[in-house]
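Throughout, read-outs are computed from the coordinates displayed, never taken from laboratory work. What you see is a predicted model, and the numbers here were worked out from it, not measured in a lab. In this analysis, Cβ positions are derived from the backbone assuming ideal geometry, glycine residues included, and neighbour counts consider all displayed protein chains.
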Amino acid sequence: MPGKRGRPEGTNSTREAILDVAEAQFATNGYAATATRNIARLAGVNQGLINYYFGSKQALFDTVYKRRGNEI
């Protein structure tokens with residue numbers, strides 16, 4: 001069977017890893033100085049997965065913000 005289509009395996013853990021790293025990077029460096037390339041490298045994922053899950057850096061930032069806002 002040729003390659004599988006659809007979401008990559010480990011979807012939730014991969015998405016959560018990206019969010020955890022992004023949160024730390026945004027908190028440390030601020031939005032403007034944080035590169036999605038660095039988030040991907042630190043999370044151990046391909047940069048394309050950030051676009052796959054979130055669409056843009058702004059959408060990733062919004063998701064990080066909402067995730068913490070819901071806890072408060």
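Please go through segment 45-60 and pick out each residue that is under 20 Å from Asn12 (Cβ atoms) and touching a Ser or Thr at 6+ places or on another chain (Cβ under 9 Å). Correct list: Val45, Gln47, Leu49, Ile50, Asn51, Tyr53, Phe54, Leu60.
Taking first residues from segment 36-47 that are without any contact (Cβ under 8 Å) to a residue 60 or more places away in the chain and partners that are assigned to a helix (DSSP H, G or I) and exposed (fewer than 15 other Cβ atoms within 10 Å of the Cβ), the Cβ contacts under 7 Å between residues at least 6 apart in sequence or on separate chains come to Gln47/Arg37.
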